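K.L.:
Okay, handing you the structure first.
Bear in mind these aren't lab numbers, they're just calculated from the coordinates by the rules spelled out. Worth saying up front: this structure is predicted, and the values here are computed from it rather than measured. Don't worry about glycine lacking a Cβ; one is built from the backbone with ideal geometry, like all the others, and counts go over all protein chains shown.
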Amino acid sequence: MKKITRSCDCDTCLGCCKFLEEKKYFAPIFTSEEIEKIKNKYSKIFSLKKNQFIPFKTFKKIKQIKLNKKGKYYYCPFYNLDNGRCLIYHQRPFDCKIYPFILVRNQKNNKIELHCFNKSQCLSINNINKAKFKIYSNYLLKFLKSPYYKSVFKKYPGLAWPEQDTSFFVSRI
């Protein structure tokens, strides 16, 4: 899946890999299949601790990564603080693949919506013009409306977060 953000913008951000304490609840979430793929592919590089993934909300098949702490920041253990790169980039979870977009469950009608984090949450959004944003949104929606992803959302309803005040509506899925 293509990404819309530029790496140079992400290197200075505190949004998706590094968090202040009040935002650490946004730590990446993983499906059980994603955890298994990471364990299988990266077991020789680093060992995953038994408590590396913690239960997420009430969804049994969804886990949230347990963050590490350095100074006043919390960070994903798969984030390399030295070079600002993801250690599992090619196997990163769905939650990370679509960032700065987020799936949100609309509480009024229980529908899944595609939202995008606002500029205060993702600095990279500042550098994306409206035309590029629309093209990428349509690209992403094509994936998300596919039979494959519809089955994923059915199996893992926890991939859709509760409504967020730090994001804006893009489209219903």
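K.L.:
When the chain is treated as a GNM, springs tying every alpha-carbon pair under 10 Å, which of I65, I54, I29 comes out with the largest mean-square fluctuation?
P.N.:
I54
K.L.:
Against the 2.2 N^0.38 Å scaling, with N counting residues, where does segment 7-172 land? I'd like the Cα-based Rg ratio to two decimal places.
P.N.:
Values: Rg = 15.8 Å, N = 166, 2.2 N^0.38 = 15.3 Å.
Its radius of gyration relative to the 2.2 N^0.38 Å reference: 1.03.
K.L.:
I would also like to ask the following. May I ask you to derive the FRET efficiency for S32 and N83 from their Cβ-Cβ distance with R0 = 22 Å, giving the value to the nearest 0.05? Don't jump to the answer; show the numbers that get you there.
P.N.:
Values: r = 29 Å, r/R0 = 1.34.
So, using R0 = 22 Å, E works out to roughly 0.15.
K.L.:
What list do you get for F53, F143 if you sort them by fewest beta carbons within 10 Å?
P.N.:
Fewest-to-most ranking of F53, F143: F143, F53.
K.L.:
Please compute the length gained on full extension between Q91 and K150, using 0.36 nm multiplied by the number of residues separating them and subtracting their Cα-Cα distance. Intermediate values should be presented prior to the final figure.
P.N.:
Working: separation 59, 0.36 × 59 = 21.24 nm, distance 2.01 nm.
So the extension gain works out to 19.2 nm.
K.L.:
Same structure again: Using the Cα centre of segment 7-172 as the reference point, and only Cβ charges (+1 on K/R, -1 on D/E), how large is the resulting charge dipole? Debye, rounded to the nearest 20. Don't jump to the answer; show the numbers that get you there.
P.N.:
Details: 33 positive and 12 negative charges, 109 e Å.
Dipole size: approximately 520 debye.
K.L.:
Let me ask another. Between K60 and K23, how many nm apart are label points set 7 Å from Cα along the C-beta direction?
P.N.:
Rounded to a tenth, the inter-label distance reads 3.4 nm.
K.L.:
For K142 and N110, compute 0.36 nm times the residue count separating them, minus their Cα-Cα distance, and round to one decimal in nm.
P.N.:
9.4 nm
K.L.:
Which of A160, A27, A131 ends up with the largest GNM mean-square fluctuation for the chain, with Cα atoms connected below 10 Å?
P.N.:
A131
K.L.:
Which of these, C17, C122, C86, has the largest mean-square fluctuation under a Gaussian network model of the chain (Cα springs below 10 Å)?
P.N.:
Of C17, C122, C86, the most mobile in the Gaussian network model is C86.
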